[in-house]
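Reading through the structure tokens given below for one structure.
The values are calculated or read from the model by the stated rules, or taken from the named source; none is laboratory data. Given the structure is predicted, the values throughout are model-derived calculations rather than measurements. Cβ coordinates were reconstructed from backbone atoms using ideal geometry, including for glycine residues, and neighbour counts include every protein chain displayed.
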Amino acid sequence: MSTALIAALQTQIAQLDAQGLRRFRRTTATACATRVEVDGRRLLSFNSNDYLGLAADARVVEALREGASLYGAGSGASHLVSGHSRAHAQLEERLADFMAPHLESARALYFSSGYMANLAVLTALAGPVPHEAEIFSDALNHASIIDGARLARAAVQVYPHGDVAALEAMLAASTAKTKLVVTDSVFSMDGDLAPLPALLALCERFGAWLVVDDAHGFGVLGAHGRGALEHFALRSPHLVYMGTLSKAAGVGGAFVAAHETVIEWLLQRARPYIYTTAAAPALAHALLTSVALIASVEGGRRRAHLADLRALLAAMPVRAGWQRLASGTPIQPLVIGSNADVLRAAEFLFEQGLWVSAIRAPTVPAGTARLRITLSAAHTAQDVAQLLAALAALAGEA
């Protein structure tokens, strides 16, 4: 029987191979940076979400080292047992203060990942009676939102991507006691922004929560790096904000910021928070430095540099059959089309000394496989010029 079980899995893996959908890992031997060693080769990377270049920043690294010396390597237990350290408390206070201009009576809660934060928010806010709740989710939302909605056991309505009119009709027809609208702020594979002002207006009108996953906006958008809420100048007690700390902040984990009552409810009822070991306090200690850098004048300069790099990348060669998606974020997708073609394109760039991911279904719709080019404030104009030259060569080869 065990042989038959393994054979069945092998058949399914072979089917992934035939469809160009099998995933492979490459192994890095250096810190997350623009110049990396990958599988024994030195490459220029346009492949990470380290948007501000903080993952290898000497000050953040030193803060992590200091945190380990103060608090050790791990937390030892969940936050509600004995794992909640002074570093966690200080980070939550700092994040609540940072996001306070956009949230009434702001409080923050630190999670070990953005995935867990989304599961926690959706399952807790849909309770304690899930059948009385309804979740309204953008069609292109991240997998963590989709899974959180499933785990919430509430009714789920999926509205077409960014379609405010369709969402309005759904909300108007809903008889649920608890309504949650949930959306990415920056969609991670397209780089476009959700129409948050219009979504918030609907939520205030229909008495719904607006849950914003700002994984790719926190630290990047807004004059001070407060993300999509600052970018759109939003403030409301209806907002529940999730920001990741593993991307622009360069370390790890995530946080939820909202009205203090919302956070207290998560503390009491969010199973992904209650029943998991707290992240290492050293990470929270390092993140205090990251958040300070994001909010600083230097953080503003890094965001301005990203804008300059995006302008340079506007010269990206686009041959017939390709599509460059418009994006005002560090995510700059180039849609190639088929799985086979995008894999060949990524391999061509790899041979040219450039590391860019090939993204395929089910992460993106079938037939829209793409190169997901991501910029970092650690990139230089010369780095972008090297990428443009390789893309021009790719366009000629394709």
* Scan region 122-131 and give yes if some residue there is in a helix (DSSP H, G or I), modelled with pLDDT under 95 and either outside the structural domain of ALA215 (by TED's automatic domain parsing) or out of contact with any Cys (no Cβ under 7 Å at 6 or more places or on another chain) (or both), otherwise no. => yes
* When only residues in region 206-220 that are farther than 23 Å from THR261 by Cα and not small (Gly, Ala, Ser) count, which is nearest to the chain's Cα centre (by Cα)? -> HIS216
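From the list ARG86, ARG59, ARG42, ARG107, pick out the single residue that is touching a residue at least 60 places away in the same chain (Cβ under 8 Å) and in contact with an Asp or Glu (Cβ under 7 Å, 6 or more places away or on another chain). Step through it out loud before you land on a result.
Values: ARG86 fails: in contact with an Asp or Glu (Cβ under 7 Å, 6 or more places away or on another chain); ARG59 fails: in contact with an Asp or Glu (Cβ under 7 Å, 6 or more places away or on another chain); ARG42 fails: in contact with an Asp or Glu (Cβ under 7 Å, 6 or more places away or on another chain).
ARG107 is the lone residue from the list that is touching a residue at least 60 places away in the same chain (Cβ under 8 Å) and in contact with an Asp or Glu (Cβ under 7 Å, 6 or more places away or on another chain).
Just to check your reading of the model, which residue among ASP163, ASP147, ASP138 is out of contact with any Ser or Thr (no Cβ under 8 Å at 6 or more places or on another chain) and farther than 15 Å from ALA270 by Cβ?
On the way: ASP147 fails: farther than 15 Å from ALA270 by Cβ; ASP138 fails: out of contact with any Ser or Thr (no Cβ under 8 Å at 6 or more places or on another chain).
It is ASP163.
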* Yes or no: GLU260 at pLDDT 95 or above, closer than 27 Å to ILE135 by Cβ and either touching an Asp or Glu at 6+ places or on another chain (Cβ under 6 Å) or not hydroxyl-bearing (Ser, Thr, Tyr) (or both)? -> yes
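Tally the residues that are in a loop (DSSP other than H, G, I, E, B) and surrounded by 19 or more Cβ atoms within 10 Å (Cβ to Cβ), restricting the search to region 163-175. Please lay out each step first, then the result.
To start, the set of residues in region 163-175 that are in a loop (DSSP other than H, G, I, E, B) comprises 163, 174-175.
Going one step further and asking which of them are surrounded by 19 or more Cβ atoms within 10 Å (Cβ to Cβ), we end up with none.
Total satisfying the criteria: 0.
Among the residues of region 237-251 satisfying the criterion of being on the phi < 0 side of the Ramachandran plot and in a loop (DSSP other than H, G, I, E, B), which is surrounded by the fewest Cβ atoms within 10 Å (Cβ to Cβ)? Break it down stepwise before answering.
The first filter runs over region 237-251 and keeps only residues on the phi < 0 side of the Ramachandran plot, leaving 237-249, 251.
Next, from what is left, pick out any that are in a loop (DSSP other than H, G, I, E, B): 237-238, 245-249, 251.
Numbers: PRO237: 14, HIS238: 23, LEU245: 29, SER246: 20, LYS247: 28, ALA248: 34, ALA249: 28, VAL251: 26.
Only one residue tops the list, namely PRO237.
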* Selection within region 18-28 - exposed (fewer than 10 other Cβ atoms within 10 Å of the Cβ) and more than 15 Å from GLU347 (Cα to Cα) -> ALA18, THR27
* Structure fact -> Conditions (1) without any contact (Cβ under 8 Å) to a residue 24 or more places away in the chain; (2) part of a helix (DSSP H, G or I) -> LEU80 fails only (1)
* Quick one: is SER188 under 23 Å from PRO362 (Cβ atoms), touching a residue at least 40 places away in the same chain (Cβ under 8 Å), assigned to a helix (DSSP H, G or I) and of a type in the set (Gly, Ala, Ser)? -> no
* Within region 28-46, is even one residue part of a loop (DSSP other than H, G, I, E, B) and more than 20 Å from GLY353 (Cβ to Cβ)? -> no
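When you go through ALA194, ALA223 one by one, which is the residue that is under 20 Å from the mean Cα position of the chain (by Cα) and surrounded by 22 or more Cβ atoms within 10 Å (Cβ to Cβ)? Walk me through it before giving the result.
On the way: ALA223 fails: surrounded by 22 or more Cβ atoms within 10 Å (Cβ to Cβ).
Only one candidate qualifies: ALA194.
Looking at region 230-252, which of its residues are polar (S, T, N, Q) and more than 13 Å from the chain's Cα centre (by Cα)? Outline the logic, then answer.
Step one: of region 230-252, the residues polar (S, T, N, Q) are 236, 244, 246.
Correct list: SER236 only.
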* Asked: Quick check: anything in region 325-333 buried (at least 23 other Cβ atoms within 10 Å of the Cβ), over 25 Å from ASP57 (Cα atoms) and at pLDDT 95 or above?
  -> yes
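Conditions (1) assigned by TED's automatic domain parsing to the domain that holds THR329; (2) touching a residue at least 60 places away in the same chain (Cβ under 8 Å); (3) touching a Pro at 6+ places or on another chain (Cβ under 7 Å), marked per residue:
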position	(1), (2), (3)
ALA120	no, yes, yes
ASN141	no, yes, no
ALA166	no, no, yes
SER174	no, no, no
ALA208	no, yes, no
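Condition check ((1) outside the structural domain of LEU287 (by TED's automatic domain parsing); (2) over 14 Å from SER290 (Cα atoms); (3) in a helix (DSSP H, G or I); (4) among the aliphatic types (A, V, I, L, M)) across all residues:
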site: GLU62; (1), (2), (3), (4): no, no, yes, no
site: LEU70; (1), (2), (3), (4): no, yes, yes, yes
site: ALA87; (1), (2), (3), (4): no, no, yes, yes
site: GLN90; (1), (2), (3), (4): no, no, yes, no
site: LEU95; (1), (2), (3), (4): no, no, yes, yes
* **Filter result (surrounded by fewer than 22 Cβ atoms within 10 Å (Cβ to Cβ), among the hydrophobic types (A, V, I, L, M, F, W, C) and in a helix (DSSP H, G or I)) within region 135-151** => ALA143, ILE146, LEU151
